[in-house]
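Accompanying notes for the structure given below.
The values are calculated or read from the model by the stated rules, or taken from the named source; none is laboratory data. Since the model is a prediction, treat every value here as computed from it, not as a measurement. FYI the Cβ positions are ideal-geometry reconstructions off the backbone, even for glycines, and counts take in every protein chain you see. Note: areas computed on protein heavy atoms with side chains; ligands, DNA, RNA excluded. Shrake-Rupley method; radii C 1.70, N 1.55, O 1.52, S 1.80 Å.
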Amino acid sequence: MSTAEAPLQANIQESRANLDAWVREVVQWHFAPDTGCPFWLNYATELGWDPRKEIQTYDDLSRLGPFQDEWLRGGPVRRWVPKGYQNRPVYTFETGGSTGVPKSRINIEDFRLDYEAFSPTLPDEFFPKGSDWLSLGPTGPRRLRLAVEHLAQFRAGICFMIDLDPRWVIKLLKMGQPKMAEQYKQHVVEQGLTLLRAHDNIRCLFTTPKLLEALCEKVSLKKLGITGVFCGGTEMTPQFHRFAVEELLEGAYFAPTYGNTLMGLAVHKPRREEDNFAVIYYPPLPRAMIEVVDPDNPDRVVDYGETGRVRLTTLTKEFFMPRFLERDEAEREPPCELYPWDGVRNVRPFSRLQANVVEGVY
Amino acid sequence: MIHIPILRHGEPYKSLDVARVAHHQTREQFVEISQANAGLIRRDLRDQKTGREKLAAFSTAELIQICSRAAEYFLNDALPLGDDAQTAEDYVRQISATTGMPHVLARRNMGKIHGVLAEAGSVLNGLTRNIDWEVLDRGFGEFGGQSLSFYPRAESLGVVLPNNSPGVHSLWIPAVPLKIPLVLKPGSAEPWSPYRIIQAFIKAGAPPEAFSFYPTDHPGASEILRNCGRGMIFGDASSTSLWANDPRIEIHGPGYSKIVIGEDCIDDWKDYLDVMVRSIADNGGRSCINASSVWVTAHAEEISEALAERLAAITPRAAEDEAAQLAPFADPNVATRISRLIDQGLTEPGAREVTAAHRSSERLVTDGECSYLLPTVVLCENAEHPMANKEFMFPFVSVVKTTPEQIPAALGPSLVVTAITSDPELINKLVSSPNVDRLNIGAVPTSVISWDQPHEGNLFEHLYARRAFQRAVAV
């Protein structure tokens, strides 16, 4: 090991120790009769062993088995509310809904905590504190709608909004109505443009890749005063990343993110020339973990650089979701100085499921 | 590995998103093709004016000369291919590698493309019905004692291209002397021809800005058709149906080309066997102008047996073999699916495969990594049978028993009809039929076409509209 690698190794070990400690705390919370949620308390009775005693590390979570997609589809949603939070106001957020009944996830303040933790990764020079935001992305039952607004408020800004129902866009495409879908996109973009032109203090933009393209076809972000773009919501390719940086943004900072209602959001590793616009994300440890596993043997984490299916683990006191197989694939990325834990490179729809999924198109 | 870049108004652009296409024999990756994201295409197409202005700065006569030089460059020269150079022989090998087309057929198609470029003047005259080129340059003038004026309907022509045969590229080439820039989306396995044609044009002096080349996915292809003033799409019904009601887009779907033998000639059917075989098997049976059915009022059994005997002699040969007439399927699953479809169709009473008795193997054969479908003749007892009007990308034909009264209604839409008859009534019925796109009277193979004739619409009329025009005479 070189001397340069030694601190990184130490940081990796430290982050892993923190993760293990946090796993113990979260498992304790979710499986304790006075704080846990009905789902996990019931689950524990069927296990025949006590997770609070036997799960001591992150790796031990595998003993609980994979988290099943269907558990989140349909009610009763209250089975997910921890008793420790039973008197708190509860939100429910939904995933995209492109694959039938949407998955629901309860939320109390995770969306605020996650975005407050994310906020320092946005450079103040480009996302000035006190400047206002436009959120040009999905609304309705999606976590993003409240989370982006909270991010703006947390940074002393005000967030302007438009309406966007991504399920309608998916339906239009499934009905073979791409022209109508295009018109809807233009309708959304025009609403955003009206706000951008009417409110001089908007400097920061949240949007999706396709809406960013559509917006930049109509206006110069620079002329409108946009200096920072936080982009997410759908798949982002290295080519899009490059196209955005080289041709759309005119010097504005680009902050791609990967996230969803179930996990929170993963932050993009700052761009370096040698990464050649690869889109590399690191999860918000210890509150969530992203791994890349062998699709045929999801208990095996693949080697660095190898392709596999994305596996999420959410570890908050509001929501515990161990070993959930996402409908995405990616390459496993080694830890880096800034984020001394595993990341993922070039996340994209899981190729084996592609025939059945109309991807997010908004 | 060979890399083919995007061309953005003539400028090469290497994308981070690439598609890799394997060699059909070895299954090893053979070429890497830069893929354009839809947003990049839309952004480029915001400026279609520059290419149009650059091209319009040339006279038609100058552009015809450029075509003529490009013809020779295309046929003979080493031309840029990404960072490398591609000789004519490289081109033949490469197109064969990714599409399965035998070298001899690739060379024959090269000849077709060369012919259209070399004869661009005649092609243009055919499309414009001999309007003086100076009238085309000015946009107005007198022709045959009448005032004429034309205006372009578009600043560029977007073309979504297929994989089946390079011959189709002859259809969009006249856009260059018609001064309309091209925005091309190549077929996923056949980027070679459009890229080489563009390079030949540029070497011959055409402005690079007039050529955009975007290998891309379906959404990207849609962006091309949506954003260009005029378009063409080649493909099956599933990919073209979205554009069926868009008058800006010319659709080149399945051909369902046919031979009809009139009652007056049917007893001499043996005299036309060569024409039938050529119509079915030329170019490996891969073109929309290949006959996929032969409609007869008598001798159906004898004709189908004779065709089966002749076509069964066509067997798989190496890609380099000068006698090769059959192309393997680059994707073996496609061959399997087509063969299954035919078998399913034959379960319906009233049709039988005639070729089976004339060959020693199954229809679907595998040779190493290559899958071939051997020529297939089906005899249909009537025009209503589901196999009577099918088209597949190999030498496939249905011999259909029909009655004089059923022609032409039973034929349905047909890209080419060769009518072997001298019967004025039958000729008149075919001439009057809106379902017949190209009509050959007499023993002309469906696969022999004259490029100065319109093909599924006239490109000049697709790209230009005529306006009423009057000019005051000085007094």
*Among A:Q239, A:P76, A:T57, whose Cα sits farthest toward the positive end of the charge dipole of segment A:5-356 (+1 at Cβ of Lys/Arg, -1 at Cβ of Asp/Glu, about the Cα centre)?*
A:P76
*Tilt of helix B:300-312 relative to the longest C-alpha principal axis of chain B, in degrees (0 to 90, nearest 10)?*
70 degrees
*About the Cα centre of chain A, how large is the charge dipole given +1 on each Lys and Arg Cβ and -1 on each Asp and Glu Cβ? Please answer in debye to the nearest 20.*
1200 debye
*Euclidean distance between Cα centres, segment A:265-285 to segment B:19-92, Å*: 35 Å
*asked:* Restricted to Cα positions, what overall size does chain B have along the principal axes? Three whole-Å values, descending.
replied: 71, 63, 37
*Roughly how many Å is it from the Cα centre of segment B:237-255 to that of segment B:275-336, as a whole number?*
27 Å
*Kindly tabulate the residues in segment A:224-258 with an accessible-area decrease of at least 40 Å² between the chain alone and the assembly of all protein chains, using a probe of 1.4 Å.*
A:Q239, A:R242, A:F243, A:E247
*asked:* If you consider only alpha-carbon coordinates, what radius of gyration and Dmax does chain A have, in Å?
replied: 20.5, 64
_Mean separation of Cα contacts under 8 Å (6+ apart) over length of chain A, as relative contact order %_ = 16 percent
*Which entries of A:K129/A:K269; B:K185/B:K390; A:K103/A:K174; B:K112/B:K258 show an alpha-carbon separation above 24 angstrom in the structure shown?*
B:K185/B:K390
*Considering the options A:G192, B:A38, A:T316, tell which one lies farthest towards the positive end of the dipole of the protein assembly as shown, charges being +1 on Lys and Arg and -1 on Asp and Glu at the Cβ, about the Cα centre.*
A:G192
_For the interface of A with B, what's the total buried accessible surface in square angstrom, probe 1.4 angstrom, rounded to the nearest hundred?_
1500 Å²
*When the convex hull of its Cα atoms is projected in every direction, mean area for the protein assembly as shown (nm²)*: 44.1 nm²
*Could you rank the peptides B:144-151, A:111-118 by their average count of other C-beta atoms within 10 Å per residue, with the highest value first?*
A:111-118, B:144-151
*Given the options A:V169, A:V292, A:V344, state which has the largest fluctuation in a GNM of chain A using a 10 Å cut-off (strictly under) for Cα springs.*
A:V169
*For the protein assembly as shown, with only Lys/Arg (+1) and Asp/Glu (-1) charged at the beta-carbon, what is the dipole magnitude about the Cα centre, in debye rounded to 20?*
2480 debye
*Pick from A:W168, A:W341, A:W49: which is most flexible by mean-square fluctuation in a GNM of chain A where alpha carbon atoms under 10 Å apart are linked?*
A:W49
*If you keep only loop residues by DSSP, which GluC sites (Glu not before Pro) in segment B:25-106 have at most 16 other Cβ atoms within 10 Å of their Cβ?*
B:E28
_Computed helical MRE - 222 nm, the protein assembly as shown, DSSP H runs ≥ 4 contributing -39500 (n - 2.57), nearest 500_ = -9500 deg cm²/dmol
*Short version: ³J(HN,Hα) in whole Hz for each residue of segment A:188-202, in order, from phi by Karplus 6.51 cos²θ - 1.76 cosθ + 1.60 (θ = phi - 60°), x for Gly and Pro, what are they?*
5, 5, 5, 4, x, 4, 4, 5, 4, 6, 8, 10, 5, 7, 6
*Roll a 1.4 angstrom probe over the protein heavy atoms and tell me the percent of accessible area of the protein assembly as shown that is carbon or sulfur.*
49 percent
_Using a loss threshold of 30 Å², tell me which positions in segment B:20-47 are less accessible in the complex than in their chain alone. Probe radius 1.4 Å, ligands and nucleic acids ignored._
B:N37, B:G39, B:R42, B:R43, B:R46
*Quick one: putting +1 on the C-beta of Lys and Arg, -1 on the C-beta of Asp and Glu, what dipole do you get for segment A:1-140 around its Cα centre, in Debye to the nearest 20?*
580 debye
*Accessible area per residue of segment A:5-356 at 1.4 Å probe, in Å²?*
42 Å²
*For peptide B:11-18, compute the average count of partner chain beta-carbon atoms within 10 Å of each residue's beta-carbon.*
3
*Filter the GluC sites (Glu not before Pro) in segment B:286-326 to those in DSSP coil with at most 14 other Cβ atoms within 10 Å of their Cβ, and list the result.*
B:E320, B:E322
*How far is helix B:88-99 tilted, in degrees, relative to the longest principal axis of the Cα atoms in chain B, given as a value from 0 to 90 rounded to the nearest 10?*
60 degrees
*Among A:V267, A:V101, A:V148, which one moves the most in a GNM of chain A with springs linking Cα atoms closer than 10 Å?*
A:V101
